[in-house]
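Visitor: The following block contains the structure, expressed as structure tokens.
Bear in mind that the values in this text are calculations on the coordinates, not laboratory data. Since this is a predicted model, take the numbers as computed values, not measurements. Cβ atoms come from the backbone with ideal geometry, glycine included; neighbour counts cover every protein chain shown.
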Amino acid sequence: MDPTRPLPRNPITAVLALGLIAVMLFFPDPATVVAEASPEQDAGQETTEAPAPQVVVPDDVTQLAPDPPVTVVPAPTPEPVPATSTATGTTGGSVSGTSSAPRSTGVASESPAGPGPTVTVFMAPGAADSGDGLSPGTAVGSFARAQQVAKSAGGAGANIDVRIAAGTYRLTPSTWSLASPGHRIRFLPQDYVEGQALPVAQVPVFDGSGLGGTYWLDILAPGAETTYDVRSLTVTGYSNGLRISGGYSYKGGPAERASGEGRPLPRPTVTGMTFERIGSAHSAKTGYAAIHVQNTDGARVVANTLHRIENSGAQAGLVHGIYAVLSTGLDVRGNTISKVSGDAVRTRNASSGSVTGNTIEASGVHAAVSDWFCDQACAAKNVQSFECPSGPVDVANNVGTRYAGGQLKAYEVTVSPSGASSGC
């Protein structure tokens with residue numbers, strides 16, 4: 001009915017018409033009604049959590065200013081280590097950026113040989129240890145046998161090369177104690193030539209998956225005065241990688257070396273190595289390091305690739321890519337380090353040197369490079385001799401994200417209890 005038309009003259013009809021007009025004005029056509037959300041619906045939508053902001057790391061590598069001084073937070077207990085590390089140092093600059101974890105290139109130069117001849121021992125995958133090891137055709141299959149051959153051949157007074165043929169080795173963790181004072185002992189691929197690139201197919205692989213044990217190779221030579229050189233091998237699936245140690249006990253400071261540990265090993269070199277899948281996340285026991293140097297002087301850890309160095313669970317932070325203990329004159333550079341559940345580089349107990357030019361990505365709990373030591377209060381609590389802070393440690397690396405995500409600090413002293421340097 002058109003409300004603009006004149007009303008009917010019949011009173012009853014007029015009343016009915018007025019009622020119809022009222023209905024039309026106050027109750028529109030249902031098809032034109034837009035439903036409104038109830039207050040309960042609005043409240044529910046507002047409580048929906050907004051997406052977390054994403055951390056975007058720029059593709060370009062930009063130099064940042066040095067980190068400000070670190071506020072030190074004492075840790076309640078020392079790290080349980082199997083004969084290990086600690087620190088204090090100088091904060092350096094950091095560089096933020098992404099890393100696709102390329103393999104490191106540019107291995108360190110060869111360690112100088114001592115006077116006299118070189119005894120060469122050959123290893124091959126699956127070889128019987130009954131061979132004399134003095135030629136590729138009579139190669140031996142284990143480090144234990146190679147050590148025996150080298151000693152019998154007069155290696156204790158000469159340079160020693162352990163030449164390792166290409167292929168995959170399934171060896172349980174090994175210990176090397178043979179020394180040759182004033183000389184060099186090297187572990188390297190059979191076809192390695194100084195200054196020449198080694199094809200991937202010629203790189204020996206040591207796979208410790210499922211074999212248990214501790215270090216892939218544990219070089220323990222207190223007071224040996226021998227230069228050890230390990231290069232261009234691949235190690236995977238072990239709880240720990242390589243340790244080179246001049247002997248270490250829970251003593252405090254460099255003055256203890258002569259009586260407690262012997263003289264530091266001179267200028268050991270670890271270069272061109274690849275360590276992958278190291279730690280309890282990939283093996284049976286707790287990992288502490290892919291590369292571990294103890295009581296050394298002038299150690300060179302150069303152009304190595306470290307990837308997935310990981311412990312699982314509560315022990316995740318105990319494993320480090322490179323762990324230097326009571327070691328002075330460190331030269332840690334040009335390494336590519338990624339996915340380390342602890343800190344990429346850790347120093348401890350009067351260590352010093354430089355950690356520069358390394359690419360560190362998706363690694364670290366505290367920082368890319370961190371220092372730790374057990375002071376007198378810590379030592380009394382844990383029934384051990386106290387340790388000393390490290391330093392100076394120069395730090396300047398290409399730093400990306402932490403293992404758990406977020407920006408990684410360049411450097412941090414992870415614990416510095418009061419009176420830490422007392423007695424050092």
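Visitor: Could you tell me which of Ala113, Gly342, Gly155 has its Cα farthest along the dipole of the stretch 74-413 towards the positive end, charges placed at Cβ (Lys, Arg +1; Asp, Glu -1), taken about the Cα centre?
Guide: Of the listed residues, the answer is Gly342.
Visitor: For the stretch 152-226, treating each Cα as an identical point scatterer without solvent, what Debye log10 I(q)/I(0) comes out at q = 0.16, 0.18, 0.26 1/Å?
Guide: With no solvent term, the Cα-only Debye profile gives -0.74, -0.90, -1.17.
Visitor: On to the next question. Evaluate 2.2 N^0.38 Å with N set to the residue count of the stretch 74-413, then give the Cα radius of gyration divided by it.
Guide: Values: Rg = 18.9 Å, N = 340, 2.2 N^0.38 = 20.2 Å.
Normalised Rg, Cα atoms only: 0.94.
Visitor: So between Ser209 and Asp132, what do we pick up on full extension, going 0.36 nm a residue minus the alpha carbon distance?
Guide: Here the segment from Ser209 to Asp132 would lengthen by 24.9 nm.
Visitor: The stretch 124-154 to the stretch 177-254: how many Å between their Cα centroids?
Guide: 17
Visitor: Pop out the ³J(HN,Hα) list for the stretch 236-242 in order, Karplus 6.51 cos²θ - 1.76 cosθ + 1.60 with θ = phi - 60°, rounded to Hz; leave Gly and Pro as x.
Guide: Here the 3J(HN,Hα) series is 8, x, 9, 5, 9, x, 10 Hz.
Visitor: Stick to the Cα atoms of the stretch 218-361, pair each with every other, and give me the Kirkwood hydrodynamic radius in Å at one decimal.
Guide: Hydrodynamic radius (Kirkwood, Cα pairs) of the stretch 218-361 is 14.8 Å.
Visitor: What dipole magnitude, in Debye to the nearest 20, does the stretch 74-413 give about its Cα centre under +1 on Lys/Arg Cβ and -1 on Asp/Glu Cβ?
Guide: Roughly 260 debye, rounded to the nearest 20.
Visitor: Okay, next question. If you take every DSSP beta bridge fully contained in the stretch 74-413, what fraction is antiparallel? Give it as a percent rounded to 5.
Guide: 0
Visitor: Rounded to the nearest 0.05, what FRET efficiency do Ala144 and Ser312 have when you use their Cβ-Cβ distance and R0 = 25 Å?
Guide: Taking R0 as 25 Å, the efficiency between Ala144 and Ser312 is 0.25.
Visitor: Contour minus end-to-end for Ala380 and Thr175, with contour as 0.36 nm per residue of separation and end-to-end as the Cα-Cα distance?
Guide: 70.6 nm
Visitor: Just the ratio, please: alpha-carbon radius of gyration of the stretch 323-424 over 2.2 N^0.38 Å, N its number of residues.
Guide: For the stretch 323-424, the normalised Cα radius of gyration is 1.10.
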